[in-house]
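Bear in mind that the values in this text are calculations on the coordinates, not laboratory data. Note that the structure is predicted; figures quoted are calculated from it, not measured. Ideal geometry is used to build each Cβ from the backbone, glycine not excepted, and the neighbour counts take in all protein chains shown.
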Amino acid sequence: MHVGIIAGTGPAGRGLAGRLAAAGAQVTIGSRSRERAEHSAAELRLALDAHGAGSRGRIVGDENATCASADVVVAATPWEAAEATLSGLAEQLRGKVVVSMANALARMGRQMVAVVPPRGSMAETVQAILPSSFVSGAFHHLPAGHLMELERALDSDVLVTSDHEQAIQVTCDLIEMIPRLRPLIVGSLAHAAAVESFTAVLVGVNKRYSCSASIRLSGIDEDG
């Protein structure tokens, strides 16, 4: 599978790229600057080699527009830059599954709080920007620092929202590529606001307890 990560040079995008490449995916990290994307890709290749996973997948860096040619695309843009970054790619992303992992957060004093975008959530915002794409929301609750530590096992649920069955299936397949991540289908994009907002709670927990907590829901049949 070829995965393009638009604006993938930030911590969360790089971490996800490394995990997917370690699992065998071909990954293109995107940026407005090709040089910046290539630099991030080179750093990740070194990390994968050190982890013994350098021969499994492949990571390259290029401009965001190149990422749009991938089989599945992840939008890792900062929430404030989503429209500026994605609107010019709408035609290239027509008919593709686009996974939104952005969280709308802002600092208030010493804590991070959730910001409610005009459309309710970032996933809904991305769907409005890309009306001809199949948008899902996922990967919101995975700490970026934890993602980057390839030697550290993940043990987390990933909540998935979408209005499109195709997007749900592709997103779940993507999540299942990464060991010990479990996709859980929440429902339509109408649920994305609650999912994204909870990230602010996790940030507060992780800061208070100096940890990298994510989420794991109990009471769900592992085979269901």
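Gaussian network model of the chain, Cα springs within a sub-10 Å range: biggest mean-square fluctuation belongs to which of ARG56, ARG182, ARG208? It is ARG208.
Once backbone amide H atoms are built at 1.01 Å from N, SER133 has GLY95 as its partners under 5 Å, excluding neighbours fewer than 5 places away on the same chain.
Coupling constants for the range 64-81 follow from the phi torsions by the Karplus curve (6.51 cos²θ - 1.76 cosθ + 1.60, θ = phi - 60°), and in residue order they are 4, 4, 5, 4, 5, 8, 5, 5, 9, 10, 10, 9, 9, 5, x, 4, 5, 9 Hz; glycine and proline get x. For the range 63-170, the equivalent ellipsoid derived from the alpha-carbon gyration tensor has semi-axes of 23, 18, 14 Å in decreasing order.
Mind jotting down a quarter of the surface of the convex hull over the alpha carbons of the range 47-122, in square nanometres, one decimal?
The number I arrive at for the range 47-122 is 7.6 nm².
Spatial offset of the range 13-87 relative to the range 102-130 amounts to 23 Å, using the alpha carbon center of each.
Considering helices alone, the calculated mean residue ellipticity of the chain at 222 nm is -11000 deg cm²/dmol, with DSSP H runs of length four and up weighted by -39500 (n - 2.57) and normalised per residue.
Altogether, the Stokes-Einstein calculation at 20 °C and 1.002 mPa s, with the Kirkwood radius of the chain over Cα pairs as Rh, returns a diffusion coefficient of 124 µm²/s. Restricting the count to DSSP beta bridges whose residues both fall in the chain, what percent are antiparallel, rounded to a multiple of 5? Antiparallel bridges: around 20 percent, rounded to the nearest 5.
Taking the Cβ of HIS191 as the center, what net charge do the other residues with Cβ under 11 Å away carry, scoring Lys and Arg +1 and Asp and Glu -1? Spell out each step's value before the answer.
Details: positive: none; negative: GLU124, ASP163, GLU196.
With Lys, Arg at +1 and Asp, Glu at -1, the net is -3.
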